[in-house]
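To start, the structure itself, in structure tokens.
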Amino acid sequence: MATQRVINWINRKFSAYRSKNDFEEMESFCLLWNVFEKEAGNGQTTSLGLRRIETFISNVNISNHQIIKDGFDFFKRRYININTGSTNRNFDTLFSRTPKKTEKNYKDRLEVFLTNNNASKKDMILGLSIIAYRIRNNSFHGTKGLDEIVTQQDTFKHLNDFLMEVLTGFNLI
């Protein structure tokens, strides 16, 4: 958890009024992602990591399917226009950097998963893995500002629940 010293510095530097609670879910995501990336992605952070993640999640034993469904539904509401059924600006922002060929493949697959009203559990798990990977990239590579991070606590909460369920299903922790 961010120390009060760090929170005080952020508040002075950015004329902000933040508390330690504002960063709890993101901090938890950092910790969980580190475990997930090491175990499921074998330490890789490239598209090869996504391939390895896909291989690992194909063997995951999910005991709480409601966590997967709730997370998937949350991101479906976030990334799909309910009137048109197509992806929205938030989805485009998720992939704001020009993806490599392999990442474009995963972007296209995620779009299919999210726009499909009957996505399988396997598709939901892969979709949430892709989203977690992209949120990780966008967060850790400076594309999210302080205010945006603070307003995305629900995003991080759903990703944290997902990562804990998947890691438990891997029997890694």
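The values are calculated or read from the model by the stated rules, or taken from the named source; none is laboratory data. Predicted, not measured: the structure shown is a model, and the values here were computed from it. Counting neighbours? That spans all protein chains shown, and the Cβs are built from the backbone with ideal geometry, glycine included. Remember, those area values only see protein heavy atoms, side chains included, never the ligands or the DNA or RNA. Shrake-Rupley method; radii C 1.70, N 1.55, O 1.52, S 1.80 Å.
Tally time: how many residues in the range 115-170 are part of a helix (DSSP H, G or I), open to solvent by 10 Å² or more (accessible area, probe 1.4 Å), within 30 Å of residue 18 (Cα to Cα) and among the β-branched types (Val, Ile, Thr)? The total comes to 2.
Selection of the range 31-52 for residues being open to solvent by less than 20 Å² (accessible area, probe 1.4 Å) and at pLDDT 80 or above yields 33, 36. Within the range 104-149, the residues that satisfy the criterion of being among the β-branched types (Val, Ile, Thr) and modelled with pLDDT of 80 or more are 112, 115, 125, 130, 131, 135. Among the residues of the range 76-88, is there at least one that is modelled with pLDDT of 95 or more, in a helix (DSSP H, G or I), open to solvent by 50 Å² or more (accessible area, probe 1.4 Å) and touching a Ser or Thr at 6+ places or on another chain (Cβ under 8 Å)? Yes.
Taking the criterion of being open to solvent by less than 50 Å² (accessible area, probe 1.4 Å), of a type in the set (Val, Ile, Thr) and more than 15 Å from residue 134 (Cα to Cα), the residues of the range 53-75 that qualify are 57, 60, 62, 67, 68. Among the conditions (1) closer than 20 Å to residue 141 by Cα; (2) at pLDDT 80 or above; (3) under 13 Å from the mean Cα position of the chain (by Cα), residue 68 misses just one, which is (1).
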